[in-house]
Structures are given as structure tokens and as C-alpha cells.
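Below you'll find the structure, written out as C-alpha cells, and then a few comments.
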Amino acid sequence: MSRIDSSSLLQMRSAILQQNAALQKAAQRPAEVAPITAPGVGEPQKPADFTSALGKALSSVNDLQSKAGAVSEAYERGETTDIAAVMLQREQASLGFQATLQVRNKLLAAYKDIMSMPV
């Protein structure tokens, strides 16, 4: 069993206190994360074609990825200390990308099914 000297113990204590202060500071201010809105929510119902709906969804996912990249870069530069907001933004972008990937997979499967149908 190794012994802990007082200087390393004081260093660990100061690191913990700094992290605690940063977390308290981040908890006091509101998060700078924009809420996710689904395309078409809150808009009046109108007939929409598939290509425009898909285009809007892809641009929404692209915007989420761009925001996540910007927030991550700001954290890496030290401009923000709110790691929770950074991780939340990155997770939102990841979920949007995974959903887009699943839609693409379903579309490809449907296309293959249609192409393999006898005429």
C-alpha cells in the first residue's frame, strides 16, 4: 500500500474545488442549448411532397451537427465550461444522425423490394 503525501493530497483537493466551482457556476446560468423541433411542428397543415420533407429533415440534422461542432470547439478553446451542455448538444446531433441513417436504410430496403417485384 502506497502512502499519500500532503502535497499530492492538497493538489487533489484544489482540483476538486476548482471543478466544483466550475459546476456551480454552470448551474447558475441557463443552458445555451436550443431545443430540437421536428420539421412541420407548429406549422399549419399543408400538403407536402416527400422531397421537401426529406430536404428539411436533412438540413435540420446538418444544423444540429454544425451546432454540436461549434459548441465542442468552444469548449476545447475554454470559452465555456459547461460540459453537460456540450454533451447534450453532441448527443442530440448523434441521435439526429442515427435517425437519418435508419430512414435511409428503410428507404433502400423498400427500393430493393420494389425492384425485385415481378412485373
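The values are calculated or read from the model by the stated rules, or taken from the named source; none is laboratory data. Predicted, not measured: the structure shown is a model, and the values here were computed from it. Glycine also receives a Cβ, built like all others from the backbone with ideal geometry; neighbour counts cover every protein chain displayed.
Do the conditions hold for E32, that is, is it modelled with pLDDT of 55 or more and either assigned to a helix (DSSP H, G or I) or surrounded by 11 or more Cβ atoms within 10 Å (Cβ to Cβ) (or both)?
Against the criterion (modelled with pLDDT of 55 or more and either assigned to a helix (DSSP H, G or I) or surrounded by 11 or more Cβ atoms within 10 Å (Cβ to Cβ) (or both)), E32 qualifies.
Polar (S, T, N, Q) and in contact with a Leu (Cβ under 9 Å, 6 or more places away or on another chain), is that true of Q102?
Answer is no for this residue.
Does at least one position in segment 103-117 carry a residue that is without any contact (Cβ under 8 Å) to a residue 60 or more places away in the chain, assigned to a loop (DSSP other than H, G, I, E, B) and farther than 30 Å from A26 by Cα?
yes
Answer yes or no as to whether T80 is at negative phi, under 20 Å from the mean Cα position of the chain (by Cα) and at pLDDT below 90.
yes
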